[in-house]
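> Can you keep this structure in mind? I'll have questions shortly.
The values are calculated or read from the model by the stated rules, or taken from the named source; none is laboratory data. Keep in mind that this is a model prediction, so the values were computed, not measured. When we count neighbours, we look across all protein chains shown, and the Cβ atoms used for this are built from the backbone with ideal geometry, even at glycine.
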Amino acid sequence: MAVMSYESDTCLLDRWTEENNAIVNKWKQHNDKGDCVEQGSRLLKSCYEASLQLLQMIQVKHNSLRQRFSSHIAWRELLCVQWAFWLSTVRLGHILELQGELLSLFEGLGLDERDDTRKAGEEGLETSAVRPALVIHPRELKDLLHICTVIAQGAELLCEGRWSEALTILQRDPSPLTPRDLFAQIHTLTGLCLSSMGHPHSALQCFRKALETDVRCVSALQQSVLVYRQLGNTQAEIQALRLLHSVLMLPPASQPTVASGPLIAPAILLPGQSLSSLLSVPSALSVLHCLAQKCVLHGSVSEGVEHYLDLLAALQSDQQMSQVLSEAPSLPRLPELYLETGSSLLMAQRPDDCLVLCDEVISKTVDLLPERLRLEEPLEDPMEESGHDSADRLGLVLWCGAAYLLQAHCYSHLKDWKQAVTLYTRCISLLMKVCVVQTAGCVKQGLGVRNLQRLKGLALAGRGISFIHRDQNREALRDLQLSLQAASGCASAGLWLTEVLWRLGRRREAVACWEENQSSSSPPLLQDAPLYLLDPQTGPSLDPADLRGRMEEFTKTQQHQGLPL
């Protein structure tokens, strides 16, 4: 190789130093000029490749000179580069195998420049006239490499489920010079260990420390959200979501990119998938969607409405279109977001705005609806083309049907019973076009079919209640009974069934229906039901106390007269 033809070791060192300085100066000139991110990324890649080539040349020569040079002086920078190279290429095993030797070889890093010159003279080495340019001081680089190794090792053990071992490593005292963002990562990973080990409150303390260390540690905020959700502390979860969203919405200019940062940065030294997966954070739009849902479901309806409207505005903005495409896996489809927003508007007593959003969904889906749709439970593999097509067509039916349902709820809220009956009927007629065939051995329904049945139950219950207000009690009785057969339907369907039986003079049946409702277990959890398929929060309602009084009075009268119930 050309490197072996140099006249002396000192000349060789000068040549290496000059090449090193050229790389460093090239990078510094870029930072001074403030080139665009794309140019910076290309330059970063170029500098990285040039550094690797220089490292390979040094490694070749090192193999022939390792008995002649002091490891404390001539090769300590090389050790830093080698360590950094192993970290950046995710070769953690190499580092862990030689970690003790690496740390012992760095004991002399505290020597200043005059000590280095004296040491070189004692060993009979010439000092180079060419002075190396430093990207980072070797002592600082050693501390950075060490802390990054701790983080990488802790992340690997966490992903392997070895939480106790990871905790032991992460709780070692870090250097006081550890960058704040890395210190925050250590606190976050420690909190993840404690949470996985069943200590959520201790985990929250670690996440709090991470935020006190680095206010932009979004991963600590995200993990706090998950722990509050696990604990059932909804108000704290909502507060954490608000803070997380506000941090994610900070201007990008305040977040330096890799291309404009230092040449040797933690982001380059910690590229592993384990750490990325543990510290991953949803996008700002996903957090906003979650925040809107939580607010609507837990009492802050007006705030949730505003978040939903902000979300739709962002998705409809031309500037956000590229982000919308990247958000596809984590956000619901646009028709579903319209329906969720419409449902929240109805809860906020804004039926006219809900009607407008539902009209938008209907106009985009009604022409695409299939004439008939046959589904076999369980649905075919969604990876297969036929199964994917069936799921898409079922989605269209659900979206359009749910839009009709919400519009019917709006007219029910406005006490326009005739229009409400018309729209409930449109929803029911659309759902009647879907035929679900239960295959042999199928025990559990898929989510799409469960939503279909729930939509049918809600539509039948809503139409039945509307019939009651139109004094069409026999039609109401039929729909309410069908609602309870189709699904859990509306939570108040049983109460309204009791009411219509009473009005029809079927008092004993009314009492039996009442008692069945009182003795039945709590309704099934609907955590997987979309927001727009939850029980309507507005519209007609019964006075349970009045209904109870009538049932109890009738029961006492029957017992007093010795008549069977």
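> Check E237 against each of (1) of a type outside the set (A, V, I, L, M); (2) at pLDDT 95 or above; (3) farther than 25 Å from H307 by Cα and name the one condition it does not meet.
Evaluating E237 over (1) of a type outside the set (A, V, I, L, M); (2) at pLDDT 95 or above; (3) farther than 25 Å from H307 by Cα leaves (3) as the failure.
> In the stretch 158-183, which residue that is in contact with an Asp or Glu (Cβ under 7 Å, 6 or more places away or on another chain) and either among the charged types (D, E, K, R) or modelled with pLDDT of 95 or more (or both) is farthest from L275 (Cα to Cα)?
Only one residue fits best here, namely R180.
> Shifting gears a bit: In the list A152, A133, which residue meets the criterion of being in the same structural domain as V90 (by TED's automatic domain parsing), in a helix (DSSP H, G or I) and at pLDDT below 95?
Working: A133 fails: in a helix (DSSP H, G or I).
None of the other options fit; the residue is A152.
> If we keep just the residues of the stretch 527-548 that are farther than 20 Å from G464 by Cβ and modelled with pLDDT under 85, which is surrounded by the fewest Cβ atoms within 10 Å (Cβ to Cβ)?
Within the stretch 527-548, the match that is surrounded by the fewest Cβ atoms within 10 Å (Cβ to Cβ) is Q527.
> Continuing with the same structure: Could you please find all residues in the stretch 198-226 being in contact with a helix residue (DSSP H, G or I) (Cβ under 7 Å, 6 or more places away or on another chain), closer than 15 Å to H187 by Cα and either without any contact (Cβ under 8 Å) to a residue 12 or more places away in the chain or of a type in the set (A, V, I, L, M, F, W, C) (or both)?
Narrowing the stretch 198-226 to residues in contact with a helix residue (DSSP H, G or I) (Cβ under 7 Å, 6 or more places away or on another chain): 200, 202-204, 206-207, 209-211, 213-214, 216-225.
Narrowing further to those that are closer than 15 Å to H187 by Cα: 200, 202-204, 206-207, 209-211, 213-214, 216-224.
Result: S202, A203, L204, C206, F207, A210, L211, C217, V218, A220, L221.
> Continuing with this model, one more query. Test each condition in (1) of a type outside the set (A, V, I, L, M); (2) on the phi > 0 side of the Ramachandran plot; (3) touching a residue at least 60 places away in the same chain (Cβ under 8 Å) for D181 and report the one that comes out false.
Here D181 clears every test but (2).
> Tell me yes or no: at least one residue of the stretch 489-510 is surrounded by fewer than 22 Cβ atoms within 10 Å (Cβ to Cβ), of a type in the set (V, I, T) and either modelled with pLDDT of 90 or more or touching a helix residue (DSSP H, G or I) at 6+ places or on another chain (Cβ under 9 Å) (or both).
no
> Criterion first (at pLDDT 90 or above and touching a Phe, Trp or Tyr at 6+ places or on another chain (Cβ under 9 Å)) does K415 satisfy it?
Values: at pLDDT 90 or above: yes; touching a Phe, Trp or Tyr at 6+ places or on another chain (Cβ under 9 Å): no.
So K415 fails the test.
> Still on this structure, please answer the following. What number of residues within the stretch 217-239 are crowded, with 16+ Cβ neighbours inside 10 Å and not in a helix (DSSP H, G or I)?
So the count comes out to 1.
> How many of the residues making up the stretch 392-413 are of a type in the set (S, T, Y) and surrounded by 24 or more Cβ atoms within 10 Å (Cβ to Cβ)?
2
> Being farther than 21 Å from K364 by Cβ, surrounded by fewer than 22 Cβ atoms within 10 Å (Cβ to Cβ) and either of a type in the set (D, E) or not assigned by TED's automatic domain parsing to the domain that holds L375 (or both), is that true of even one residue in the stretch 414-436?
Within the stretch 414-436 (the criterion being farther than 21 Å from K364 by Cβ, surrounded by fewer than 22 Cβ atoms within 10 Å (Cβ to Cβ) and either of a type in the set (D, E) or not assigned by TED's automatic domain parsing to the domain that holds L375 (or both)), the answer is yes, since at least one residue qualifies.
> Inside the stretch 272-335, counting only helices (runs of 4 or more DSSP H) that do not spill past its ends, which hold 2 or more residues that are modelled with pLDDT under 90? Quick ask: steps written out before the conclusion?
On the way: elements: 273-278, 284-297, 301-316, 321-327.
Correct list: 273-278, 301-316, 321-327.
> Being over 15 Å from E165 (Cβ atoms) and either in contact with a Leu (Cβ under 8 Å, 6 or more places away or on another chain) or in a helix (DSSP H, G or I) (or both) is the filter here; which residues of the stretch 187-207 pass it? Even if it seems obvious, please write down each step before you answer.
Going through the stretch 187-207, the residues over 15 Å from E165 (Cβ atoms) turn out to be 187-188, 191, 195, 198-207.
Scanning the stretch 187-207 gives H187, T188, G191, S195, P200, H201, S202, A203, L204, Q205, C206, F207.
> Is it the case that S483 is within 39 Å of the chain's Cα centre (by Cα) and not assigned by TED's automatic domain parsing to the domain that holds T555? Can you show your working first?
Values: within 39 Å of the chain's Cα centre (by Cα): yes; not assigned by TED's automatic domain parsing to the domain that holds T555: yes.
Answer is yes for this residue.
> How about the stretch 193-210: which of its residues are surrounded by 18 or more Cβ atoms within 10 Å (Cβ to Cβ) and either polar (S, T, N, Q) or under 18 Å from P266 (Cβ atoms) (or both)?
Of everything in the stretch 193-210, those that are surrounded by 18 or more Cβ atoms within 10 Å (Cβ to Cβ) and either polar (S, T, N, Q) or under 18 Å from P266 (Cβ atoms) (or both) turn out to be S195, A210.
> Right, another one. How many residues does the stretch 345-374 contain that are assigned to a helix (DSSP H, G or I) and in contact with a His (Cβ under 9 Å, 6 or more places away or on another chain)?
Going through the stretch 345-374, the residues assigned to a helix (DSSP H, G or I) turn out to be 345-347, 351-368.
The next check asks that each one be in contact with a His (Cβ under 9 Å, 6 or more places away or on another chain); those that pass are 346, 351, 354.
Residues flagged as assigned to a helix (DSSP H, G or I) and in contact with a His (Cβ under 9 Å, 6 or more places away or on another chain) within the stretch 345-374 amount to 3.
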